[in-house]
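Take a look at the structure set out below.
The values are calculated or read from the model by the stated rules, or taken from the named source; none is laboratory data. Computed from a predicted model, the values in this text were never measured in an experiment. Cβ: placed from backbone, ideal geometry, glycine included. Neighbour counts: every protein chain shown. Only protein heavy atoms, including side chains, enter the accessible area calculation; ligands, DNA and RNA are left aside. Shrake-Rupley method; radii C 1.70, N 1.55, O 1.52, S 1.80 Å.
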Amino acid sequence: MAVHKIELSQQSLIGSFTKETPAILSVRSGDRIQFQTLDAGWGTGASYRERIKPFARRESIDSGHALIGPVYIENAKRGMTLEITFNRMIPGAYGFTSAGNYPNWQNQKLNLTQYDEMTLEWSLDNQNMTGACEINGKPFTVALSPFMGVVGMPPEETGIHSTWPPRFCGGNIDCKELVAGSRLYLPIPVDGGYLAIGDGHARQGDGKISCQAIECAMELVDVTVRVIEDLRLSNPRAYTPAGWMTFGSHEDLNEATIQALDGMLGLLQELYGLDRVEAMGLGSAVVDLRITQIVNGIKGVHAVLPHGALK
């Protein structure tokens, strides 16, 4: 197993998913990758008020989140599965969360577009893993639970693909459960994978209701990648400290739910030797459905089988 360290530079950043730009790194199955990230909006700094954007964006490929990649994985073939293990994630010194004004559907329904946008400025302590902000002089503190919002590979179609939606091969999943110790499993859509990762979050609630989590740069992201040749998936799944999870994504929340449930039924069949109807019956007692996010155009649902729920 090799350990690859990627320096943060304009050459290591990309704002899209594509297999048509040269990979910044080639790795083997089982290798470890370590890197820093900008925040999703291409910023970094010692505090939110000192935030700068140190690298220019290329018009053709940098319209989305600031991602590290693409990384080419040797022996990764279309149809196989890529396992990404999140070993460590250390947030930077600041975070921010904006709300109001922006005309997304939830702001329109909640009559929040009539308000000026406000931004919470978070001070992050990555030693004690706490975040603090003030609203009208009142201090608020939260425990941090960092994860990466965008993890994925380009779909089969040629071209430059947006970082904004979640897809069957990953993307803007925004699942708060993908903390250190988690393993994310993604269908490999193209030979070599062309993996890219970014969009650090210090903490987020299910749904990501304002359209932003505590957005942050990351001082360290440490992952291990492994190719699984004999596992065939149609959508992402994950093994996290909270339990097994399967994911669905669609404009229609009902359709996203069906995708997540279909994945969970398949997982229950694999784990316990059940048929689909038996899996549905048993799952009704123990499987939780959660709204991953409602803000990326394509909504997300994840089904959760908590550890220890079945004995």
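The figures follow:
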| quantity | calculated |
| --- | --- |
| Which listed residue, of VAL179, VAL142, is assigned to a loop (DSSP other than H, G, I, E, B), at pLDDT 95 or above, among the aliphatic types (A, V, I, L, M) and open to solvent by 10 Å² or more (accessible area, probe 1.4 Å) | VAL179 |
| Considering residues of region 51-99 that are under 21 Å from THR37 (Cβ atoms), charged (D, E, K, R) and open to solvent by 20 Å² or more (accessible area, probe 1.4 Å) only, the residue nearest to the chain's Cα centre (by Cα) | ARG88 |
| Residue in region 100-115 that is under 21 Å from HIS201 (Cα atoms), open to solvent by less than 50 Å² (accessible area, probe 1.4 Å) and touching a helix residue (DSSP H, G or I) at 6+ places or on another chain (Cβ under 8 Å) present | yes |
| Entirely in region 199-294, the strands (runs of 3 or more DSSP E) that have 3 or more residues that are among the small types (Gly, Ala, Ser) | 243-250 |
| Scope region 121-132; condition in a strand (DSSP E or B) and either aromatic (Phe, Trp, Tyr) or open to solvent by 30 Å² or more (accessible area, probe 1.4 Å) (or both); matching residues | GLU121, TRP122, SER123, ASP125, THR130, ALA132 |
| Verdict on PRO154 being touching a Cys at 6+ places or on another chain (Cβ under 9 Å), assigned to a loop (DSSP other than H, G, I, E, B) and either over 20 Å from ILE298 (Cα atoms) or not polar (S, T, N, Q) (or both) | yes |
| Selection from region 1-31 of residues that are of a type outside the set (Val, Ile, Thr), in a strand (DSSP E or B) and open to solvent by 30 Å² or more (accessible area, probe 1.4 Å) | HIS4, LYS5, LEU25, SER26 |
| Every pair of residues 6+ apart whose Cβ atoms lie under 6 Å, when the first sits in region 180-208 and is of a type in the set (Ser, Thr, Tyr) while the second is open to solvent by less than 10 Å² (accessible area, probe 1.4 Å) and modelled with pLDDT of 95 or more | SER182/PHE86; SER182/ALA238; SER182/THR240; TYR185/THR81; TYR194/PRO70; TYR194/MET153; TYR194/PRO154 |
| Matching option when the condition is out of contact with any Lys or Arg (no Cβ under 9 Å at 6 or more places or on another chain) and of a type outside the set (Phe, Trp, Tyr), among ALA242, ALA256, ALA238 | ALA242 |
| Lone unmet requirement of (1) touching a Lys or Arg at 6+ places or on another chain (Cβ under 8 Å); (2) in a strand (DSSP E or B); (3) more than 17 Å from GLY152 (Cβ to Cβ) for GLY41 | (2) |
| Residues being in contact with a Phe, Trp or Tyr (Cβ under 8 Å, 6 or more places away or on another chain) and hydrophobic (A, V, I, L, M, F, W, C) - total across region 91-147 | 7 |
| Selected residue (only one of ALA279, ALA260 is among the aliphatic types (A, V, I, L, M), in contact with a strand residue (DSSP E or B) (Cβ under 9 Å, 6 or more places away or on another chain), at pLDDT 95 or above and open to solvent by less than 50 Å² (accessible area, probe 1.4 Å)) | ALA260 |
| For PRO189: the one exception among (1) assigned to a loop (DSSP other than H, G, I, E, B); (2) touching a Pro at 6+ places or on another chain (Cβ under 9 Å); (3) open to solvent by 30 Å² or more (accessible area, probe 1.4 Å) | (3) |
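Residue-wise test of (1) out of contact with any helix residue (DSSP H, G or I) (no Cβ under 9 Å at 6 or more places or on another chain); (2) charged (D, E, K, R); (3) at positive phi.
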residue	(1), (2), (3)
VAL223	yes, no, no
SER234	no, no, no
LEU268	no, no, no
GLU278	no, yes, no
GLY297	yes, no, yes
GLY300	no, no, no
LEU305	no, no, no
